[in-house]
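Data block below; observations after.
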Amino acid sequence: MTATRRNAAGLVVLALAVLVPPALGEYRTYVLCLMAIYAIGSIGLTVLVGHGGMISLGHAGLVCVGAYGASLLMIRADVSFWLALPLATAIGMLVGLALGYPFLKLDGPYLAIATFGFAVALPEVINRWSAFGVGDPALFGGALGLNPPSPAIGSLIINTSLRFWYVCLAVLVVAVLLARRILSSRWGQDLRAYRQSPPAASAYGVRTRRVRVWSFAVAGGYAGLCGALLAHHLGAVGTSSFSLTLSITFLMMVVIGGVESVAGAVVGAVAVVALQEWLTGQTSNLQLWYGVALLLAVMFLRGGVVGMVQARLRRLRHRDEAEHA
Amino acid sequence: MMQYVASGLVSGGIYATMAIGIVLIYRASGVINFAHGELATFGTFVVFACWSAGLPLPLALLIGLLVGAVASPCIEAFVLSGLRRRTHLTEVMATVALFLALNGLTLAVFGEETHEFPALVTGPPIEAFGLVMSRQSILVLVVVAGLTLIMAAMFRFTRLGAAMRAVSESRESAELAGLPVRRIVWSVWAVAGMAGVLAGVLIAPIVYLNVNMMIDVLTKALAGAVVGGLTSVSGAITAGLLLGVGESLVAGYVSTQLATPFVFLVLVLALVVRPQGLFGSAPKVKL
Amino acid sequence: MLEVSGLAHSFGGVRALQEVSFRAQPGEVTGVIGPNGAGKSTLLSCLSGWVKPDLGAATFNGDQLLGQAPTDLAARGVIRTFQNLELLEESSVAENIALGTRRTASAGLLAAIVRGSAVRAQERRQRDTVTGAAERLGITTLLDVPAGELSYGQRKQVEMARAWAAMPQLLLLDEPAAGLDDRERRALAHVIRQMADDGATVLLIEHDIDMVMSLCSHLVVLDFGSVISSGSPADVRRDPRVVQAYLGGAA
């Protein structure tokens, strides 16, 4: 697809996203919000996994950090929601750095285990916080979790899904544009070079350690932002929302959409949330179908949905050109 | 103190049994099998179903082990070999997907109820050296000791063991030497699958049989495998046992709440400070 | 000027390099030849920062090369190629060549996000360099194709374009002609010649004797890790030690 056609397609989608939801009703809009929020988190994972080639089974942990960070800022420090969003992003980036740095030397399966450990450990630590005897034992709200207040613009309180949808959409648009910019930059090129050939990257001057650590920070930033929005969306923040399954769900979004594409991350989030909604009506056994869907995607969906569409378009264009020639 | 060590050895023994499977599979295929625990759960449920249907427990156990021995190589033969591009990323995602799918399958077939699982040996606890231990606990220790000996003997004295070693050192040269590499790899997965089901059957009487019973065990077994070096069976056994003892001591002297976080601390420290583990060889440096 | 003196390295008891000393001048192609296992690749790895030799010194324009990371050497214009090319298989040819421009570009995350005028100017320069390098190698039509889909000859061209885009001061080529047919070899020789003419110091490790003889103004012959002969191609060809150790074996 050419850049202009892609921009046109993006604008059409954006127009639909603005105009259609008022007609959808509360629940469907609520689901739309979830799609947008997960899309933001999944963009971060696309940077790390798709472009950096690093496996993370711990993305939900970073989202959890963002959700608790934003909630605590709002509840304890009286920070407004609007300030909590960038702050949660920053916290996510810091925790991402704190993960990326010690895991610098780990590759492939080792990195998978390390991030897996993080994803499983973080909820455990939060759940058992009072046992550590550090700080306020009720810091994370115990079994009840935290209830962050609703955001407001002046006197307009964001307490309906439709209002929150426009917030999510605005953040998502910024997140997408930012990700495209980051990934098309020299930094993004460095990251892809590192993934495909660490020797070539070093031999041409890429600071591989640095780009690797910062890709964790980018993933963490997006996850933190996602978490802050999710905190409001869920209403109550508890560790059960950030299980290992959520980490795997994020991987699924990235794989289904197409690991290397920002649009793919969004498509993947929409597809997975839609699947989740559809399955919830049919069965209580989500993990079975999640597992099967992810397995099929890994085995057969090379390049994801977006990759397949792109390949189809490329073939069509080649055929056009061949016919004109 | 000794009581804590003894009970730690029991849970450590189960982690070790699981860790053996993880290490064997990693050596054979270079894959961390995140589905290993769920396979064990499934096999344990099969044992339970057979036993509930009236079969004697040993026969039920045999059937369960057989299920493990057949299902485990299928992961390698049908899923991993079916990947179009076999990279660390796709391999991990595939086993993670299987983790979910198998968990769901067990749920679909056997339901979400928690069951009391029959101990393989029954009778009053045994008291010796000032320790009180249930017969099941002693059985766990015996099984782990037995497995350790069997593994050592297999690697040292049997042709299959030698072939396994050759394959894990270099698949290419094993192929060049005319070894039936695929069959050997499948056998390794089969042995690992049986060890997994055995671990499930051993822990089920202690934690009760449930769809999610192995998730925690798998995490700790992974920690054990990593601390042991991922490539060393004896390392995994030692590390698994040590981890169990450490966890039990933390639970006893510090707080039961902190036992699990302790395991994660060990896992992360091991990965960061010494990724090759206590007993593993240093990972090859890529140019 | 590249000055190597007394370079020695051993891998677990095997002496790969012993007392290797030579000079290479800017604007010239200096050939390093020798039988397999003579230590040529070890020499190249030492000079490009992948291997830290046990002993000796190597300076380029007076700066110490040894003990520096490949990344730092690359930043100073020391560029090496790889026998197995190390292309970015899934990336487009353009992005592969763009990796060559990395050493003259900054790549901060903040700069990427702000994308100020300096960054945009840098992006323009990068695009121009990529186009220029692709034109020189005659691969402008391939710029959008993923490198993994190219033929071997085309992949070699991409690799050379990438090296070109780096505008190397010291270029270390590891058997660039391997696997190419005659026509491709002539094109490659032409490109190497041009890069030397642009002022680069080129060190060429190569088995293709014809190419080495025609391109190089100076030759270093290695055998069992030691320099057994050096000088102009004509001198080296007449050197009886070389004839015996290397050329003789091939004849």
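Mean 1/r over all different Cα pairs, inverted: what Kirkwood radius does region B:2-273 give, in Å?
Numbers: mean 1/r = 0.0529 Å⁻¹.
Over region B:2-273, the inverse of the mean reciprocal pair distance is 18.9 Å.
For region A:24-243, what does the accessible surface come to per residue with a 1.4 Å probe? Please give it in Å².
Details: 7460 Å² over 220 residues.
On a per-residue basis, 34 Å².
If you sort A:4, B:87, A:29, C:104 by accessible surface, 1.4 Å probe, largest first, the order is A:4, C:104, B:87, A:29. Highest-first packing order for the peptide set C:172-182, A:64-74 is A:64-74, C:172-182, based on the mean count of other beta carbon atoms within 10 Å.
Using only the alpha-carbon atoms, how far is helix B:57-74 inclined from the longest principal axis of chain B? Give it as 0 to 90 degrees, nearest 10. Helix B:57-74 sits roughly 30 degrees off the main axis of chain B. In sequence order, region A:24-36 has phi-based couplings of 8, x, 4, 5, 5, 5, 4, 5, 4, 4, 4, 4, 5 Hz under the Karplus curve 6.51 cos²θ - 1.76 cosθ + 1.60, θ = phi - 60°, and Gly or Pro positions carry x.
For the peptides A:272-282, A:147-157, residues were scored by their other Cβ atoms within 10 Å and the scores averaged per peptide; the highest-first order is A:272-282, A:147-157. In terms of its Cα atoms, chain A spans 72, 52, 40 Å along the principal axes, sorted from long to short. Relative to the longest principal axis of the Cα atoms of chain B, helix B:233-253 runs at roughly 30 degrees.
Using the Cβ-Cβ distance between residue C:113 and residue C:178 with R0 set to 41 Å, the FRET efficiency from 1/(1 + (r/R0)^6) comes to roughly 0.45. Amide H contacts for residue A:79 (H built 1.01 Å from N in the peptide plane; partners 5 or more residues away or on another chain; cut-off under 5 Å): A:74.
So how much slack lies between residue C:25 and residue C:128, counting 0.36 nm per residue of separation and subtracting their Cα-Cα distance, in nm?
Values: separation 103, 0.36 × 103 = 37.08 nm, distance 2.89 nm.
Answer, rounded to one decimal: 34.2 nm.
By how many degrees, 0 to 90 and rounded to 10, does the Cα axis of helix C:152-165 deviate from the longest principal axis of chain C? For C:152-165 against chain C, the angle is about 80 degrees. The phi torsions of region C:112-117, fed into the Karplus equation with coefficients 6.51, -1.76 and 1.60 and a -60° offset, translate into couplings of 5, 6, 6, 6, x, 5 Hz, rounded to whole numbers, with Gly and Pro shown as x.
May I ask you to derive the FRET efficiency for residue A:11 and residue A:104 from their Cβ-Cβ distance with R0 = 41 Å, giving the value to the nearest 0.05?
On the way: r = 41 Å, r/R0 = 1.00.
After rounding to 0.05, the efficiency reads 0.50.
Once you reduce region B:235-267 and region C:132-203 to the center of their Cα atoms, the two points are 57 Å from each other.
Size descriptors for region C:29-141 (Cα atoms only): Rg and Dmax, in that order, 17.3, 53 Å. Around the amide H of residue C:202, modelled in the peptide plane, lie the amide H atoms of C:27, C:28, C:30, C:171, all under 5 Å away and 5 or more residues distant in sequence or on another chain.
Per-residue mean of foreign Cβ neighbours for B:74-80 is 1 (Cβ atoms of other chains, 10 Å radius).
Karplus-derived 3J(HN,Hα) values for region B:186-198, using 6.51 cos²θ - 1.76 cosθ + 1.60 with θ = phi - 60°, are 4, 4, 4, 4, 5, 4, 4, x, 5, 4, x, 4, 4 Hz; glycine and proline are entered as x.
Mind checking which of B:104, B:54, B:196 has the largest fluctuation in a GNM of chain B, springs on alpha carbons under 10 Å? Residue with maximal mean-square fluctuation among B:104, B:54, B:196: B:54. Principal semi-axes of the equivalent ellipsoid, √(5λ) from the alpha carbon gyration tensor of chain C, are 32, 21, 15 Å from largest down. Roughly how many whole Å is it from the C-alpha centroid of region A:72-97 to that of region A:264-294? Their Cα centres are 29 Å away from one another. Modelled spin-label separation between residue B:182 and residue C:152, with each label point placed 7 Å from Cα along the Cα-to-Cβ direction: 2.8 nm.
Note on the protein assembly as shown: antiparallel DSSP beta bridges, both residues inside, total approximately 65 percent of the bridges counted.
A simple spin-label model places the labels of residue A:83 and residue B:153 7.1 nm from each other, with each point 7 Å out along Cα-to-Cβ. Each of B:17, C:59 has its accessible area taken with a 1.4 Å probe; listed largest first, they run C:59, B:17.
Ligands, DNA and RNA are left out, and with a 1.4 angstrom probe the accessible area of region C:92-175 is 42 Å² per residue. With R₀ set to 35 Å, the beta-carbon distance separating residue A:19 from residue A:136 gives a calculated FRET efficiency near 0.15.
For the residues of A:102-109, the average number of beta carbons from a partner chain within 10 Å of their own beta carbon is 5.
Return the ratio Rg/(2.2 N^0.38 Å) for region A:43-97, where Rg is computed over Cα atoms only. The partial results should precede the final answer.
On the way: Rg = 12.6 Å, N = 55, 2.2 N^0.38 = 10.1 Å.
Compactness ratio reported: 1.25.
Within region B:92-106, the residues that become at least 40 Å² less accessible when every protein chain is included than when their own chain is isolated (1.4 Å probe; DNA, RNA and ligands ignored) are B:92, B:93, B:96, B:97, B:100, B:101. Each residue, residue C:3 and residue B:234, gets one label point 7 Å from its Cα in the Cβ direction; the gap between the two is 5.5 nm. The Cα atoms of region A:198-294 define a convex hull whose projected area, averaged across directions, is 8.0 nm².
Altogether, the Stokes-Einstein calculation at 10 °C and 1.306 mPa s, with the Kirkwood radius of the protein assembly as shown over Cα pairs as Rh, returns a diffusion coefficient of 53 µm²/s. Distance between the C-alpha centres of region A:13-59 and region B:151-221: 40 Å, rounded to the whole angstrom.
The values are calculated or read from the model by the stated rules, or taken from the named source; none is laboratory data. Computed from a prediction, not measured in an experiment: that's the story for all the values here. Cβ atoms come from the backbone with ideal geometry, glycine included; neighbour counts cover every protein chain shown. Accessible surface areas use protein heavy atoms only, side chains included; no ligands, DNA or RNA. Shrake-Rupley method; radii C 1.70, N 1.55, O 1.52, S 1.80 Å.
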